[in-house]
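Data block below; observations after.
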Protein chains: 6
Amino acid sequence: MSGLTHLDDAGAAHMVNVGEKTVTQRSARARCSVRMQPATLAKLRESGIAKGDVLSVARIAGIQGAKRCSELIPLCHPLMLESVEVELSLNDALPGVVVEAECRLSAKTGVEMEALTAVTVAALTIYDMCKAVDKSLVITETFLLSKRGGRSGDWHHPLAGEASS
Amino acid sequence: MSGLTHLDDAGAAHMVNVGEKTVTQRSARARCSVRMQPATLAKLRESGIAKGDVLSVARIAGIQGAKRCSELIPLCHPLMLESVEVELSLNDALPGVVVEAECRLSAKTGVEMEALTAVTVAALTIYDMCKAVDKSLVITETFLLSKRGGRSGDWHHPLAGEASS
Amino acid sequence: MSGLTHLDDAGAAHMVNVGEKTVTQRSARARCSVRMQPATLAKLRESGIAKGDVLSVARIAGIQGAKRCSELIPLCHPLMLESVEVELSLNDALPGVVVEAECRLSAKTGVEMEALTAVTVAALTIYDMCKAVDKSLVITETFLLSKRGGRSGDWHHPLAGEASS
Amino acid sequence: MSGLTHLDDAGAAHMVNVGEKTVTQRSARARCSVRMQPATLAKLRESGIAKGDVLSVARIAGIQGAKRCSELIPLCHPLMLESVEVELSLNDALPGVVVEAECRLSAKTGVEMEALTAVTVAALTIYDMCKAVDKSLVITETFLLSKRGGRSGDWHHPLAGEASS
Amino acid sequence: MSGLTHLDDAGAAHMVNVGEKTVTQRSARARCSVRMQPATLAKLRESGIAKGDVLSVARIAGIQGAKRCSELIPLCHPLMLESVEVELSLNDALPGVVVEAECRLSAKTGVEMEALTAVTVAALTIYDMCKAVDKSLVITETFLLSKRGGRSGDWHHPLAGEASS
Amino acid sequence: MSGLTHLDDAGAAHMVNVGEKTVTQRSARARCSVRMQPATLAKLRESGIAKGDVLSVARIAGIQGAKRCSELIPLCHPLMLESVEVELSLNDALPGVVVEAECRLSAKTGVEMEALTAVTVAALTIYDMCKAVDKSLVITETFLLSKRGGRSGDWHHPLAGEASS
């Protein structure tokens, strides 16, 4: 109808049939940022130095979130992720934490939503751990940095110029 | 240690003991936005007019996401949500969709993370349905608009001036 | 709008606010039946005699299904079930299996959907175990037998005359 | 023992080994009906006209239920569904709502239980939304309409004569 | 029948009715150990020193496992945990890792299974991370150290003499 | 760094990339034991004789636990299990219950953790059902008996000499 692939001609939602698509090697990389007070970032940095779990908790939450993507996003296909990496970097310019995640697998459909779910859940976890000391927190600019594989091939987001890795 | 309540003195993560806290009536309201091409917003609007499910899918995903918050965010307490509302508004100025969610319950701990999870999952669902027609999508500015109840009382985010409802 | 409580004035779905409702002792009892070939019922009976797990699997599936009701039914409130019983009886007149479940708790909202989910999941589990030998299976007449507690008080379904227990 | 494939010779339940089965293209279609008062059906129709979410909620619940089939039915294999469609039609003759679902994938085992779970969860969701205005609701005649693929090939239920699509 | 509380007189499993029990403050503490080669323990210690996530992953897995106890153990009641702590200590005498967990809440039923699930899932997570370098791993002696609250009052396991904390 | 494959060079946890690994037929077999008072074992035996569900509950819990392994163990890959068997034997010498599980599939990664999760969840379920009559229960010696397939080929645990089947 409107070109939105998840709706049929009558506007009803469905999980689109990917049965005819080709299995290819696919990957996707997403990013988001958690902006906070400089003092909050200092606390995170101090915790990290002292071997605290603070970044580990967010990293693991992101990995587990990626695996549950199809339970959270109603029209996503279940997928057998072959690799998930979540990277967290403390960033003084923001100030805050930049979260990036990369998911990979061989499948008939892509892993963009899995990568986006990973960074989002990791960011919410950072928010949860910092909210008692900083209510000003904002999760900013969640987006797909790049994707590889599938019919549409490789793609990079225009905002991804400053992307790491 | 660093004032981060989810870490003990050695920096180890734990689910903090809320046993001594008082049961009070609590609520929290969060917001995020999905920025898209004007043409994508037009497609969403057209689908809505034609009774398509597109906004319903996102609304329901947000409600179900709120209920699963403690499974996603490792140090969140399980809670018995008494009310969840997710509101989606098409916004030409953005252009895109503004998502707001409000959660309520009587409990020993607050529902900020539930409200934030609701808007985030709803936004990811919109992203999923629009990504085939618009790769430029960005989820912007996810934050807590306000909270009520609990020891720290009522609070509004400085960015919440333009908040609806 | 239309009197459907899960929709607001604009027709948008929400998880209704039960915050103002009173905590009372509540229970609900549901029933459904799985109709099958007489030969299939005979196999089930024979398995039971031989200490097979066949009815146990269905009973446990029903109990676990009741606990996950709010994950499956989007607008159901999470609840802390205090009791779940699932009863299976082999019935020659049907012929087939009659499934009944009773759920109980003290809460602000009822457990009708939990009891209905329990019998439904138990019936689907019986279907799964019998489908290789009998494709004619039909799950018939799933309904609420009775409920107790809450503002509307006690109630029995008109069809419940022949109810067991 | 008794020919029930999910039980071993001693009657113990197991998840049967499908390792030796062939990957083929498979699909299954199931149906169930929710019978209600004519006035309740009228309310659903009115909500639909007014763009309410009522049918969308049930459709999405059904799709998500299909994806969770192996969590609910203890001896079902986890599967990677490639397509799920849930169709709801308001039916004056019933009176009520007819729910049909079709699931598809390439796999070593069939998707009958996934299609049955989809229609069942969708029907329970309709029940949940209507129960405040109509306690007489009954979910009737849940069964498999047809299946394709696998060793046993194509099959249609004798009751499926009146099947749509 | 046999005094096993989860079975009724006919031997059928049910989730026992705790509706009549009193809400009291309850806690439970469990322990298990992962025995490994001295060289494997040395690798874990080295990773910890280098700020690796290895113990954090296990700690968080244990906390999240505790929250999912009633999904895993069929006859456990859903509970609203108010506190979960998981402690891991590297132990040269074992040699290996000792895992202890403590859960707390106010409820009608105890949290023994939640504490046992926490240590078990944490131990399995350690196993998973070490299995590529050490196949001799054994999880030994999983048991309840102590419990407080409820009708039966305080209790300590006879083996708990050497308990840490 | 330390040879622990789940940590990258900086010690950060990730779900390792198995994309380059070969799909082979894999299986794994694990065992654990629940040690109890002789009188408790006698009650279990009596319940079994009377067709009680007690061993069925544990067997089904183990099967369902295997399917959820990747949700519980943070760095485990999601897998499509093709076969799960859980065997329980009452053992007078222990005295108690010996639990063994075998998982099988064709995949790029092994099923050791799935088999270990199955025996562990089954053992916890036995613990749960016996704890009201016997607080001395200990789950002893959880370990991998054997594995087949994959790059490292077949392997048997040194402790597996006395293994059944």
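No value in this document is a laboratory result; all are computed from the given coordinates. Keep in mind that what you see is a predicted model, and the values were worked out from it rather than measured. As a convention, Cβ positions derive from the backbone with ideal geometry for all residues, glycine included, and neighbour counts pool all protein chains shown.
What is the set of long-range amide H partners of F:Arg26 at a cut-off below 5 Å, with H atoms built 1.01 Å from backbone N?
F:Leu105, F:Ser106, F:Ala107
Would you mind calculating the relative contact order of the stretch D:62-130 from Cα pairs under 8 angstrom and at least 6 residues apart, reporting the percent as a whole number?
The normalised contact order for the stretch D:62-130 reaches 36 percent.
Using only alpha-carbon positions, what ratio does the radius of gyration of the protein assembly as shown give when scaled by 2.2 N^0.38 Å?
0.87
Scanning chain A for helices, which whole DSSP H stretches are 18 Å or more long along the axis (Cα) and average 0.0 or more by Kyte-Doolittle?
TM-like helix candidates: A:54-67, A:112-130.
Run through the other copies and list how far each one's label point is from that of C:Gly153, in nm with one decimal, shortest first; the point sits 7 Å from Cα along Cα-Cβ.
4.5, 4.5, 6.1, 7.3, 7.8
Is there a quick way to get the dipole size of the protein assembly as shown? I mean about its Cα centre, with the Cβ of Lys and Arg at +1 and of Asp and Glu at -1; what is the value in debye to the nearest 20?
So the dipole magnitude of the protein assembly as shown works out to roughly 0 debye.
Of C:Val133, C:Val111, C:Val121, which has the largest mean-square fluctuation in a 10 Å C-alpha GNM of chain C?
Per the Cα network of chain C with a 10 Å cutoff, C:Val133 tops the list.
Pairs of Cα atoms under 8 Å, at least six residues apart: use those to get the relative contact order of chain B, whole percent.
Normalised by residue count, the contact order of chain B is 34 percent.
Fewest to most neighbouring Cβ within 10 Å: what's the order for F:Val98, F:Val18?
Ordered by Cβ neighbours within 10 Å, fewest first: F:Val18, F:Val98.
Using a simple spin-label model with points 7 Å from Cα along the Cα→Cβ vector, what separation in nm is obtained for C:Lys21 and A:Asp8?
The two pseudo-label positions are separated by 3.4 nm.
Between the stretch B:9-32 and the stretch A:60-115, what's the alpha-carbon centroid distance in Å?
If we compute the Cα centre of each part, the gap is 26 Å.
Among chain F residues, which Cβ is nearest the axis of the F-onto-A rotation, and at how many Å?
Nearest Cβ to the rotation axis, residue and whole-Å distance: F:Met80, 4.
Amide H of B:Ser146 versus every other amide H placed in the peptide plane: which residues, excluding those fewer than 5 positions away on the same chain, fall under 5 Å?
Amide H neighbours of B:Ser146, under 5 Å, 5+ apart: B:Arg29, B:His157.
What stretch of chain E, leaving out the sites themselves, is the longest with no trypsin sites (Lys or Arg not before Pro) in a DSSP loop having at most 15 other Cβ atoms within 10 Å?
E:22-150
If you rank B:Thr109, B:Thr117, E:Thr24, A:Thr40 by fewest surrounding Cβ atoms within 10 Å, what's the result?
E:Thr24, B:Thr109, A:Thr40, B:Thr117
From the phi angles alone, apply the Karplus equation (6.51, -1.76, 1.60; θ = phi - 60°) to the stretch F:84-97 and give each ³J(HN,Hα) in whole Hz, x where the residue is Gly or Pro.
Values per residue, Gly and Pro as x: 9, 10, 10, 10, 10, 10, 6, 10, 6, 5, 4, x, x, 10 Hz.
Which of A:Met15, A:Met129, A:Met36 moves the most in a Gaussian network model of chain A with Cα springs under 10 Å?
A:Met15
Under unit Cβ charges (Lys, Arg +1; Asp, Glu -1), what dipole magnitude, rounded to 20 debye, does chain A have relative to its Cα centre?
180
When the Karplus curve 6.51 cos²θ - 1.76 cosθ + 1.60 is applied with θ = phi - 60°, which whole-Hz ³J(HN,Hα) does each residue of the stretch F:131-142 get, with x for Gly and Pro?
Couplings: 5, 5, 9, 7, 8, 7, 3, 9, 8, 10, 6, 8 Hz.
Determine the alpha carbon to alpha carbon distance for each of E:Lys135/F:Lys21; D:Lys67/E:Lys67; A:Lys43/A:Lys147; A:Lys67/C:Lys131; C:Lys147/E:Lys108; C:Lys108/E:Lys21 and list only those over 29 Å.
The pairs that break the limit, which is 29 Å between Cα atoms, are A:Lys43/A:Lys147; A:Lys67/C:Lys131.
Between F:Val57, F:Ser27, F:Cys130, whose Cα lies farthest towards the positive end of the dipole of the stretch F:24-148 when Lys and Arg beta carbons carry +1 and Asp and Glu beta carbons carry -1, centred on the Cα centre?
Of the listed residues, the answer is F:Ser27.
If you place +1 on the Cβ of every Lys and Arg and -1 on the Cβ of every Asp and Glu, how big does the dipole about the Cα centre of the stretch B:74-165 come out, in debye to the nearest 20?
Charge dipole of the stretch B:74-165: 360 debye, to the nearest 20.
Exposure proxy check: F:Ser136, A:Ser152 ranked by fewest other beta carbons within 10 Å?
Exposure proxy ranking, most exposed first: A:Ser152, F:Ser136.
Given just the C-alpha atoms of the stretch F:1-150, how large is their convex hull per residue in cubic angstrom?
125
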